[in-house]
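Shown next, in structure tokens, is the structure this report addresses.
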Amino acid sequence: MTLKVGVLGYRFMGKAHANALARLPMFFPDAPDVERHVLVGRDEEALTEAADRLGFATTSTEWEKVIDEVDVFYNLGPNFVHADPSIAALEAGVPVLCEKPLAASLSDAERMADAAESAGVPTATAFNYRFIPAIQYAKGLIEDGELGEIHQFSGRYLQDWLVDPDAPWSWRNDEELAGSGALGDLGAHTIDLARFLVGDIERVSGHLRTFVDERPIDGGADTKPVTVDDAYSAQAELEGGVMGTFEASRFATGHKNDHSIEIHGSKGSLKFSLERLNELELLREGDRGYETILVTDEDDPYIDHWWPPGHVIGWEHTFVHENYEFLSAVENGDEYHPNFADGLAVQKALDAIERSDERGEWESVE
Ligand code: SOE
């Protein structure tokens, strides 16, 4: 059976997921057959060009009309567009992949997770960094007890695309449209990795800052206010008493897409950086220093799909892995993670960090 996929959104994430869908037949022949059936957007001219370039059969400017003609719905729109189309698809029994963060608000994320629970079909929150072989290897090491009892997790996601105060305003700078800034856009990824590798976030103490509070629109003299954080930091307690330290910034000059984590346990430690995503730095009991492991070898769950050991992969391949796993779950009716329940768990942590910043005290994540 060929799965007809409908995709809302055709810019950055539209390209990342369309590329992933296109790579599946060649590199993951056991993946479900998928047709890039319909691409949804508002600007007809841009949409038609994108559909042609990204390999979609048809286009539509009304997501309401496509939900009944597809087998899977991808919501790759801005955060404020995540809830209604995803809920409508789930109510029609259509599995949904939604980009992260799950929603622009905790209430919307709760509505989406409830709809997913009622629909009983696979859902995905697109935390693609879980599908980095080095992260999968790290999870195996932790589960095998190689690091002993985990005491500390720290994660940072640093970018610098907003350092220039004249960088234009976008929906990512608006609380109504995005929900939060670096916190939800970047911190969501780190919080998801903490949940995947160590455990749930139980309580947080957050700090948010906005460094530039208005930005130009349309290249002119007019400006719009920035109503979200440019950077955040948070202390956290994770399940099992693990100490957590989180931060993200869009003003970290010199850092382009630098997502890194460190985990310290009673018998060892590990370090990972997205800028060296094929490697994991590992220190095991008795080692005098960290060993840098090139993960593209037998420990890499996806190596047989790509190239021989040592032939490294890139950022885009994480989307291929993510799409392979999600679409396989759709075809087989299997449970998939990270799903909307995982997306809601991250949204609860994001909301608690914002509440903590407002109240100046620790907040529980419920
Ligand atoms: C922000 O610029 C961004 O595109 C995030 O939205 C993505 O989730 C991240 O993977 C790369 O950076």
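Please treat every number below as a calculation from the coordinates, not as lab data. It should be emphasised that the depicted structure is a prediction, and the values quoted were computed from it without experimental measurement. Neighbour counts are summed over all protein chains in view; Cβ atoms, including those assigned to glycine, are modelled from backbone coordinates with ideal geometry.
Would you please name the chymotrypsin sites (Phe, Trp or Tyr not before Pro) within segment 303-366 that are DSSP coil residues with at most 13 other C-beta atoms within 10 Å of their C-beta?
Within segment 303-366, no chymotrypsin sites (Phe, Trp or Tyr not before Pro) qualify (loop, at most 13 other Cβ atoms within 10 Å).
Could you tell me whether segment 230-362 comes out rounded, prolate or oblate from its Cα gyration tensor? Rule is a ≥ b ≥ c as square roots of the eigenvalues, rounded for a/c under 1.5, then prolate if a/b exceeds b/c, otherwise oblate.
oblate
If one computes the Cα centroid of segment 305-340 and of segment 34-68, what distance in Å separates the two points?
23 Å
If amide hydrogens are placed 1.01 Å from N in the peptide plane, which non-local residues have theirs closer than 5 Å to the one on residue 3?
33, 34, 35
Order by neighbour count: 42, 11, fewest other Cβ atoms within 10 Å first, most last. Don't skip to the answer; put the middle values down first.
Numbers: 42 10, 11 13.
The most exposed by this proxy come first: 42, 11.
For segment 188-234 and segment 109-167, write down the distance between their C-alpha centroids in whole Å.
Taking the Cα centre of segment 109-167 as reference, the centre of segment 188-234 is 16 Å away.
Assign one of three labels to segment 76-116, namely rounded, prolate or oblate, based on the Cα gyration tensor with a ≥ b ≥ c the square roots of its eigenvalues; rounded applies when a/c is under 1.5, prolate when it is not and a/b is larger than b/c, and oblate otherwise.
Working: a/c = 1.99, a/b = 1.33, b/c = 1.49.
Note, shape of segment 76-116 comes out oblate.
Starting from segment 200-295, pick out the trypsin sites (Lys or Arg not before Pro) whose DSSP state is loop and whose Cβ has at most 11 other Cβ atoms within 10 Å. Each step should come with its number before you reach the end.
Numbers: sites: 203, 209, 250, 256, 267, 271, 276, 284, 288; in loops: 250, 256, 267, 288.
Sites meeting the loop and neighbour criteria: 256, 288.
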